[in-house]
1. About its Cα centre, how strong a charge dipole does region 6-137 have in debye, to the nearest 20, once Lys and Arg get +1 and Asp and Glu get -1 at the Cβ?
2. Per 5 Å bin, what is the whole-percent P(r) computed from every C-alpha pair distance within region 6-138?
3. Quick one: how many lysine pairs does the chain have with C-alpha atoms less than 29 Å apart and a gap of 8 or more or different chains? Give me the count, please.
4. Pop the C-beta distance of Y112 and V45 into the FRET formula with R0 = 35 Å and round what comes out to the nearest 0.05.
5. What residues qualify as long-range amide H neighbours of C50, i.e. H under 5 Å apart, gap of 5 or more or another chain, H built at 1.01 Å from N?
6. Ordered by residue, what ³J(HN,Hα) values in Hz, to whole numbers, does region 69-79 give under the Karplus form 6.51 cos²θ - 1.76 cosθ + 1.60, where θ = phi - 60° and Gly and Pro are x?
7. If you line up the long axis of helix 5-28 against the longest principal axis of the chain, both from Cα atoms, how many degrees apart are they, to the nearest 10?
Amino acid sequence: MILNRNKLYLIMFIACTAGYIWLYFGLTTNQTEKNLVDVCLIKHVTTIPCPSCGSTRSVISLTKGDFSEALRINPLGYIIAIIMFLTPIWIAIDITTKRKTLFEFYQKMETYLKRPQYAIPLILLIIINWIWNITKGL
């Protein structure tokens, strides 16, 4: 699939909207460890947490100002929170100014992440995070 500016912005907007809805659900329901909704297919099938397991709880901790807890649960929560915060703003600015800076940034990042000197360290960090999720029993 070839992404153009409008397709990318639509996909990112829908993803952020879904994320905000899921975050609202997580913030407004009284959840404990025993009644959490199990949405991770990998964990559900294998009983092994995936690298992103705990990201929702991490972002919820960030919204409550508990930064150390967010980092302990899953460091990917910080990245997700930044993306969820900046993306809608960036899209709105691009649309109102009739520019495509987010699209150009996306294309550059995609190019960089295909290079082994960037991809391998990032993959290793994800694997380390995955191992950490498994050992702490997420």
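1. Working: 13 positive and 7 negative charges, 59 e Å.
Using Cβ point charges on Lys, Arg, Asp and Glu, region 6-137 gives about 280 debye.
2. Binned Cα distances yield the sequence 2, 9, 15, 19, 19, 17, 11, 6, 2, 0.
3. 15
4. Numbers: r = 33 Å, r/R0 = 0.94.
That gives a FRET efficiency of 0.60.
5. Under 5 Å from the amide H of C50: K43.
6. Residue by residue, region 69-79 yields 5, 4, 5, 5, 5, 6, x, 5, x, 4, 5 Hz.
7. With both axes taken from Cα atoms, the answer is about 30 degrees.
A short reminder: the numbers here are calculations on the coordinates, not readings from a lab. Note that this is a predicted model, so its numbers are computed, not measured. As a convention, Cβ positions derive from the backbone with ideal geometry for all residues, glycine included, and neighbour counts pool all protein chains shown.
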